[in-house]
1. Amide H to amide H, which residues 5 or more places from B:ASN258 or on other chains are under 5 Å from it, using H placed in the peptide plane?
2. Remind me, relative contact order of the range B:26-144 in percent, using alpha carbon pairs under 8 angstrom and six or more residues apart?
3. Per residue, what accessible area does chain A have, given a 1.4 Å probe and all protein chains present, in Å²?
4. In terms of solvent-accessible area of protein heavy atoms at a 1.4 angstrom probe, what is the ranking of B:ARG340, A:ARG330, highest value first?
5. To the nearest 10 square angstrom, what accessible area does A:ARG216 show with a 1.4 Å probe?
6. Rounded to the nearest 100 Å², what is the buried accessible area between A and B, both sides summed, probe 1.4 Å?
7. With the solvent-accessible surface defined on protein heavy atoms using a 1.4 Å probe, which residues belonging to the range B:239-258 display a reduction of at least 40 Å² in accessible area in the multichain context relative to the isolated chain?
8. Compute the FRET efficiency between A:ALA380 and B:ILE290 as 1/(1 + (r/R0)^6), taking r as their Cβ-Cβ distance and R0 = 41 Å, and round to the nearest 0.05.
Amino acid sequence: MSKQDGRERLVSAANADDSETPILHVDMDSFFASVSLLDRPEDAHRPVAIGHRSGRSVVSTANYAARRYGVNAAMPMARALQLCPSLLVIEPDFAAYRHYSGIVMNIFREMTPMVEVLGIDEAFLDVSGARRLLGSPSEIGQQIRRRVREQTGLACTVGIAATKFVAKIASGKGKPDGLLVIPKAETVAFLRPLPIRALWGVGAKTAESLERIALRTVADVADAPERLLVRAVGPATALKLQLLARGQDARRVEPAVAAEKSIGHEVTFEHSIADPRAIRRELLGLSDRVAARLRAADMSAKTVAIKVRFDDFTTLSRSRTLAEPTHVARRIFEEAADLVDALEIAGRPVRLIGVRGEQLQTGTDPRAALWDPDEDWREAESAIDTLRARFGAGAIMSAALLDRAAPAPSVPPHGIVRDHIEPYDH
Amino acid sequence: MRFSVNRDVFSEAVSFAVKLLPQRTTLPILSGVLIETNDTGLTLSSFDYEVSAQTKIVAEIEESGSILVSGRLLADIASRLPNAPVQFATEDNRILVTCGSASFTLLSMPVEEYPSIPEISGQSGLVPADEFSAAVAQVAVAASRDDVTPVITGVQLEVAENHLGLVATDRYRVAVREIDWDSGEIGGGEPITALVPARTLQEVGKTFGHSGNISVAFTSKDDRELIAFSADNKTVTSLLIKGTFPPVRRLFPETTENYAVINTGELIEAVRRVSLVLEREAALRFTFTIDGLVMEAVGSEQAQASEKIDALLTGEDIVLSLKPAFLIDGLNAVRSEFVRFSFTKSENTNKPGPMLITAQSSKDQPGADSYKYLLQPNLLLR
């Protein structure tokens, strides 16, 4: 989702050199809004936002007509309606989104098996191996755009570059309904004028540290003396940023393992914890991560499992099968907390806790039943996803987790979190 | 112990006693049938701590006593005995069964280890057996078969002074039936609810279907609550399922202005036909217009089907996607020549509102309103 309203859209020159740019980033254009408008074409030209008209709802996507009024994703609906009183607000229809996402992802997979799905509406493709069969990256990009339009009526934008990082920026610059190739030779020149926030991994905190030493553009970071950078953001980040700023990104396109059997997170504490409230808090954080990952992968878990390891390394595991698969953090947390309570560990110090969703299934629709016990939480958590997609993982969390959030939101102060499946770190 | 009994009476009694025995049990002793004789006659019982069945029959008792034998084996034997009086006699821990020219020797299991059968002491009411049996059959189809959520594997009985409500759901549909009953000693205004395992209730319905009146009693013992059904010298007890049944009655619409009336038999035939091309779990698309009802089975590449039948629509045109198996359960259960589909709207614009199935005695005459079947349509995919 992008803030741009399309007025600064870039288009590739017809003869752009795509000989060394095998990485495609395909991003659907205002996906939710476009899908929701498919069966009401008469409203397609109107400014449209997806969300709920009621209460404290936020905009989850706005179409380009709405963006021209300044309406953006994650903006409170009330504010959006102020900016654009004629805004048409459509309730999200996740079943339809998943349906179309499935069609689109299949089109990508017809091109190459090297597809890394980033979310419901975007993916990386590595088409190095498809050149002989299907043509150059630009030709493949055009084919994808055509097939997506033919099979779904939706528009997408393709960014093509030598690396994932640059391809993603390219698709952002090429929106809407475009294709932008950044030839390998032009990568550095393309990156240099961009603001530092365009760099992968630069969030509010890092940006602030960099701006404090007057580094504002990618060029500034690329040219900055290494010592200065290290002092501002630490050695690991400094190295990573400088490589990115110089157009180097070693990450490959990694297709998801055929079918993930489970998604789990666990945390090992530096100092074992015994306080039941602290244990519950950890469970809440872990459940939240598991649920967010499930939602990102469009999966639901039919079984919730927990693991507890004590100081003497005895390890207990328990699991419970649910009536209906879930991807709601609250539900996973409640089941996990129940399972841990049932262990009756009564004050025994715990060195590791894990929460895991098992028996994964795709596209389970909770609305198939007459009532949905998780309805309220589901709505709240999908709003949270929107905010996190926009402002980063630390943007919003349970109040219970606040005290352990600072200074680095992704790592609790007294432990290390280990992911079972490497997440995409953006 | 020594007794002699009529073959047919005995065979029928054994088959009743073993019917509710679990297929597999962790405690072998629970697979037994307890036979007790005393001055008043012969009693056969089975019990697995959840459900018990007990029946009393007439027999010629020569010597009182009690034995415990494998229920399934005894039932198999009893059903194949020649037409002659059946004689039982114990010798040490063996049981000798003779009937005409046939004889069997069975091992007795230790009677003293068998749990005691729950006694019924609570107040009871009376319900006409045929009506109760029909109501159970109509409602139990909607009960969940998934043990993950025990609460909805039961049928909720709602006892009021002169009527009895039966409710079941599996979260995709809800079936509700009201029948008249004589609450007898029960109540005093206090409404009682009891959650009875659907499987047990179905057996009770079948067993007692032709018994005149069934006496229903509620008992609590050691903080477990029991329900007991008795008729014709037979009694079935069951532990009630613990937990709170979901408040499904509020899902039913109060009024509906948008509805269609269809011939039930014609609809069942058509649904079965058109569903032939559907893949498992797939739904049929129903389009109601002023011209009637069109059913379409799409989505499979190999085959498609459609059929049009008469339907009298009141209100707006409507398109719905329904699972054929769930629909047919409701159509079979409504037991009337015509059926009314009432359409509702849900608060969530992306979710279709549930559809209500009720009886209709003719095209324009609503039928009895004692049975309601509420079904959640699937999401419509374009």
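The values are calculated or read from the model by the stated rules, or taken from the named source; none is laboratory data. These numbers were taken from a predicted model, which means no experiment stands behind them. Heads up, the Cβs are rebuilt from the backbone with ideal geometry, glycines too, and the neighbour counts pull from every protein chain shown. Ligands, DNA and RNA are stripped out before the accessible areas are found, and what is left, the full protein with its side chains, is counted by its heavy atoms. Shrake-Rupley method; radii C 1.70, N 1.55, O 1.52, S 1.80 Å.
1. Here the answer is B:PHE343, since their amide H atoms fall under 5 Å of that of B:ASN258.
2. Numbers: 155 pairs, mean separation 24.6, N = 119.
It comes to 21 percent, rounded to a whole number.
3. 47 Å²
4. A:ARG330, B:ARG340
5. 140 Å²
6. On the way: alone 21150 and 19510 Å², together 38710 Å².
What A and B bury together is about 2000 Å².
7. Residues losing area: B:LEU251.
8. Details: r = 43 Å, r/R0 = 1.04.
E between A:ALA380 and B:ILE290, to the nearest 0.05, is 0.45.
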